[in-house]
1. Just checking, does segment B:45-68 include any residue being within 30 Å of A:Val105 (Cβ to Cβ), surrounded by fewer than 22 Cβ atoms within 10 Å (Cβ to Cβ) and within 12 Å of chain A (Cβ to nearest Cβ)?
2. Just checking, how many residues over segment A:17-42 are of a type in the set (Val, Ile, Thr) and facing chain B (nearest Cβ under 10 Å)?
3. Restricting attention to segment A:1-14, does a residue exist that is modelled with pLDDT under 90, within 17 Å of the chain's Cα centre (by Cα) and in a loop (DSSP other than H, G, I, E, B)?
4. Spot the failing condition for A:Ser89; the list is (1) in contact with a strand residue (DSSP E or B) (Cβ under 9 Å, 6 or more places away or on another chain); (2) at the interface with chain B (Cβ under 10 Å from one of its Cβ atoms); (3) of a type in the set (Gly, Ala, Ser); (4) free of Cβ contacts under 8 Å to residues at least 24 places away in the same chain, and only one is missed.
5. In segment B:49-81, which residues are more than 16 Å from B:Ala39 (Cβ to Cβ) and outside any helix (DSSP H, G or I)?
6. Out of the residues in segment B:17-44 that are without any contact (Cβ under 8 Å) to a residue 40 or more places away in the chain, part of a helix (DSSP H, G or I) and within 14 Å of chain A (Cβ to nearest Cβ), which is nearest to the chain's Cα centre (by Cα)?
7. I'm trying to understand the selection: among the residues of segment A:5-37, which are of a type in the set (Val, Ile, Thr) and in contact with an Asp or Glu (Cβ under 8 Å, 6 or more places away or on another chain)?
8. Is it true that some residue in segment B:115-131 is farther than 28 Å from A:Met74 by Cα, at pLDDT 95 or above, surrounded by 19 or more Cβ atoms within 10 Å (Cβ to Cβ) and not hydroxyl-bearing (Ser, Thr, Tyr)?
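The values are calculated or read from the model by the stated rules, or taken from the named source; none is laboratory data. Every value quoted in this text rests on a predicted model; they were computed, and no experiment measured them. Quick reminder, even Gly has a Cβ in these numbers, built from the backbone with ideal geometry, and neighbours come from all protein chains shown.
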Amino acid sequence: MFQKADIVLGIILLALGFGILALLQSLSVPGYSVAVTVDGALQGVYDLSENRIVQIESANGHNTMEIRDGQVSMIEADCPNGDCMDFGSIRQTNQVVVCLPNKVVLTIRGSDELDSISY
Amino acid sequence: MSNKIPVAAILASLALIFSYVEFLFPLSLGIPGIKPGLANIVIVVALYRLGARTALMVNLTRILLAAALFGSVFSGLYSLAGGLVSFAVMAALRKTDLFSTAGVSMAGGVFHNLAQLTVAALIVESAQILYYFPLLLLAGMAAGVLNGVLATWILRALRDVG
């Protein structure tokens, strides 16, 4: 069923996928804060050391983010599929939570110094 | 030539049903936003049985009807970006005659996801979501191989029927 070209392409794609995954993971460090953007605009930056619940209002809807024990997760969203809640908890730089319908993106930031590297 | 039209219409309906089933029963395998994309089994079968031009019409019909019936402008946009880019890649790879059906479908799955991620990054205006690139690449690959193997079996069965 498979041909030689399939195998070559498959190996290249696997190497690319796992290679970038490993690279991102090796560059990732524990975060200090979480940045909330709606439609590309920064809405706020919240310290990870403080447990809190943040309501995120956007033109398209509403999301609720929770910071608990240094981890961030989306706990409520009014979008139809709720994909953003499936991202689980994030705490490392290079990790994101995305709500496409509401155009909400949560990203973890390191210290200021690390920020300029990872951007 | 003209007998392609009823077959194309049936395939478009079938692809639409697959899209609808996935809409009704979203299968999240721990990676948010991932779908097996079963409608692409039909698109691959159309590509090999009816040729690129007709298969493109089948694909466009499915995407537009799915967006109109149970999607939105945004879901239609994502679907169109993924559908067109993956289709272009599959039609080009098929022409080279180097790849099997499953290999063509594998490449289609990967490029489908990459196109959608690119559109998503533009829409939410965040380059950060490109961190998601490797996972989507691997997931697209797995879904593409699965759909490609199924399409190969179907094409074989169709050949036996004539």
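1. no
2. So the first thing to find is which residues in segment A:17-42 are of a type in the set (Val, Ile, Thr), and the list is A:20, A:29, A:34, A:36-38.
From the residues that got through so far, the ones that are facing chain B (nearest Cβ under 10 Å) too are A:20, A:37-38.
Residues that pass the stated criteria total 3.
3. Here is the first cut: in segment A:1-14, the residues modelled with pLDDT under 90 are A:1-2.
Pick out the ones that are also within 17 Å of the chain's Cα centre (by Cα) and you get none.
No - not one qualifying residue is present in segment A:1-14.
4. The single condition A:Ser89 does not satisfy is (2).
5. Selection gives B:Gly51, B:Ser72.
6. B:Glu22
7. A:Thr37
8. The answer is no; no qualifying residue exists.
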